[in-house]
Amino acid sequence: MATETERRFDGKRLGRTPQVLAFILVQAVAFAATYTAGHPTWYAYFMIGSTAVTAYLLDGSSFAVASATISSVLLVALGLPLFLFVARQQPSIIAEKAVSPDVHRMLYLGVYGPLLAAIVSLLLGIPLAHLLAEGFAGQPLVESLVDLPLVVPHSVAGILILFGFGKGGAFPQLSILGTMVGVVLAMVFVSAPYAVNATREAFEAIDDRLSYASRIHGANRWETFRRVTGPLAVRGMVTGGVLAWARAVSEFGAVAVVAYSVEFFYLPAGEKVTTQHAPVFVYSTYLQGGLAESGAVAFILLGVSALIFLVVRYLTNDTSGGIA
Amino acid sequence: MSLLQADVASTFTADGAEAFTVDASLEVDSGETLVVLGPSGSGKTLLLETIAGFHDHEGVVTRDGDPLHDRPPEQRGFGFVFQDYALFPHMTVRENVEYGARYHEGTPDAAALLTDLGVGDLLDRYPPTLSGGERQRVALARSLAVEPDVMLLDEPLAALDVPTRQSLRDDLADILADVTALYVTHNRTTARAIADRIAVMRDGRVVQRGSPEEIFERPESPTVANFTGSNVVDLSAAPSLAALLNGDGSLDSHVAVRPEAVRLNGGSGDLEATVERVVREDATSRVTLAFDGVTVEAFADEPPDEGATVGVSFPRDRLHVC
């Protein structure tokens, strides 16, 4: 149940929605005007200045103005490339790429491969997350192993996979070079920590006494997981899956090493085809076709990724209000 | 109804804290309510959870002689009511109460149980939308629904406001009258209202067992006397009180006396005391009296003024040397 403070906070946020929309509108108009005038640099100054003024009008304290102004510098660094990327696209090239069978295959693989990787990461990661949340002897070692891919350069991750599962590796019968298995392995390697850690946090947030209550009223550990801890952690699992999927979509280094080009069964055509994972495809297009062509492909990829992300967020948004 | 015997030792280590060990032996007769009374941090909850099987432990737990200590919680036949309710937030009240039905045969109807507990209209609500008192009644119904051999209750009234606590305490006293129950609390009023017997716990160990009368009137140590609300006076510091005992207590001992046994008598009494402080409570006043450099508390419906000198009487049979 929402506390009084939470309700008031929500009310405050809702009450500020018009202000947020007005701020976004002003920024959009300013960007369009400066870009059309051929001076996008002016927009950078405008954004920093307008943020400082807005902070002064809304709060008035020097601390708030300083925080907002410094923050806006970072936001400019993050946002301006994205705005200019979108603004500088040539619709004709985008349209051309949007109907290209090569791009379709790339998009198919770019969604499907990461989806497989996210599913594998979750299926194998949920039990591990549960164990980590409960705690066990030697846990710090396992935690370090789980988090290792977060600090290993991704090209190195690809090399590790080739050593581990390639020729002369642990499973000689496994063919990973240029195969779907290799792509998924590379993606799982880099994205599993996200699935495990998000799910683990969800399990850790569940009060131990809910498990105790389940057990004492007759449920064994499997039933307790199925009826209580699993359902209560499902949002964390979905978050972990989405993070793992998003991480796998963006993976370049490990995939490029293991499977620069990948052969897979392309369902829409009903046959095996060869293409590249999306980031590798964008890089390859950049090398062969230059910035304009690779930008168009990247634009389509960005749009599809954003769309999927928004759909997943919408579908997993808690509207029941029953869980607290 | 069942006889519960437990002699267990369990060690708990919180993050960054020193290990805490509970090592206690208890016996609850059939149909009896044994209250484990102790201050916060004395290990009451850990003891209860250990008996329930939630933590690894050494020792034995038996019910009617049947060993339970090697069984998981779901096979021990206990009901458990938690201080913070522990209702499943993603299930309705009905689903919560019926949670254990599939693991037990012939369980009572959830709606009837809830109606008996005065919350029959909450069946389709979710726990987060209920008040504290409603949640605890639902939690109680969930435990009763599996018809446990023994009820374990962990401070079920502690999180409730005073009127709700009093109302639920009355209902609990009725429910526990025919049930074998182990009830832990730090609240001595609740303990006295509900207990058939009391075990006082401190630092992970039981320091005294007995009837409520024995625990409250004849504490075996100054620690128990203090915790159960008696005045505890060091006899070496209070010669006038020592004189009243006619040599019953040595000067290195203490005497315990309940505040309600101390009488204020205008100008006469066993000794004279100065009224140091008067605090108005619900229906009476708590008066702090000073004599010989020590203080005791008493209750008075018509309290004297602060600073006044009054005569104080101590009924001999209510003075207990410990």
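The values are calculated or read from the model by the stated rules, or taken from the named source; none is laboratory data. Being a predicted model, the structure only gives us computed values, none of them experimental. Backbone-built Cβ (ideal geometry, glycine too); neighbour counts: all protein chains shown.
Points to keep in mind about this one:
- Residue check for residue A:123: exposed (fewer than 14 other Cβ atoms within 10 Å of the Cβ) and free of Cβ contacts under 8 Å to residues at least 40 places away in the same chain: yes
- Residue in the range B:3-18 that is assigned by TED's automatic domain parsing to the domain that holds residue B:149, under 28 Å from residue B:160 (Cβ atoms) and touching a Pro at 6+ places or on another chain (Cβ under 9 Å) present: no
- When residue B:226 is tested against (1) under 26 Å from residue B:38 (Cβ atoms); (2) in contact with a Lys or Arg (Cβ under 8 Å, 6 or more places away or on another chain), just one condition goes unmet, and that condition is (2).
- Taking (1) polar (S, T, N, Q); (2) under 30 Å from residue A:185 (Cβ atoms); (3) outside any helix (DSSP H, G or I) in turn, residue A:89 satisfies each apart from (2).
- Scanning the range B:142-154 for residues that are free of Cβ contacts under 8 Å to residues at least 40 places away in the same chain and not in a strand (DSSP E or B) turns up nothing.
- Any chance residue A:74 is assigned to a helix (DSSP H, G or I), modelled with pLDDT of 95 or more, under 23 Å from residue A:306 (Cα atoms) and assigned by TED's automatic domain parsing to the domain that holds residue A:30: yes
- Note on the range A:206-270: enclosed helices (runs of 4 or more DSSP H) holding 2 or more residues that are touching a residue at least 40 places away in the same chain (Cβ under 8 Å) are A:230-249, A:253-258.
- If you go through the range B:279-320 and keep only what is among the aliphatic types (A, V, I, L, M), under 24 Å from residue B:218 (Cα atoms) and outside any loop (DSSP other than H, G, I, E, B), you end up with B:287, B:289, B:290, B:294, B:296, B:298, B:300, B:312.
- When we screen A:198, A:186 for residues that are aliphatic (A, V, I, L, M) and under 27 Å from residue A:225 (Cα atoms), the only hit is A:198.
- Test: residue in the range B:204-217 that is basic (Lys, Arg), surrounded by fewer than 22 Cβ atoms within 10 Å (Cβ to Cβ) and out of contact with any His (no Cβ under 7 Å at 6 or more places or on another chain): yes
- Looking only at residues in the range B:20-58 that are among the acidic types (Asp, Glu) and under 17 Å from residue B:5 (Cβ atoms), the one that is surrounded by the fewest Cβ atoms within 10 Å (Cβ to Cβ) is B:58.
- Residue match in the range A:35-53 (condition: small (Gly, Ala, Ser) and over 30 Å from residue A:89 (Cβ atoms)): yes
- Within the range B:19-133, strands (runs of 3 or more DSSP E) holding 1 or more residues that are more than 10 Å from chain A (Cβ to nearest Cβ) and among the hydroxyl-bearing types (Ser, Thr, Tyr): B:20-28, B:33-37, B:58-63
- Some residue of the range A:243-256 being within 14 Å of chain B (Cβ to nearest Cβ) and surrounded by fewer than 20 Cβ atoms within 10 Å (Cβ to Cβ): no
- Identity of the residue in the range A:204-232, more than 7 Å from chain B (Cβ to nearest Cβ) and aliphatic (A, V, I, L, M), that ends up surrounded by the most Cβ atoms within 10 Å (Cβ to Cβ): A:206
- Counting only strands (runs of 3 or more DSSP E) wholly contained in the range B:164-278, the ones carrying 3 or more residues that are more than 18 Å from the chain's Cα centre (by Cα) and in contact (Cβ under 8 Å) with a residue 40 or more places away in the chain occupy B:231-234, B:254-257.
- Residue count, the range B:80-94 (criterion: surrounded by 20 or more Cβ atoms within 10 Å (Cβ to Cβ) and touching a strand residue (DSSP E or B) at 6+ places or on another chain (Cβ under 7 Å)): 3
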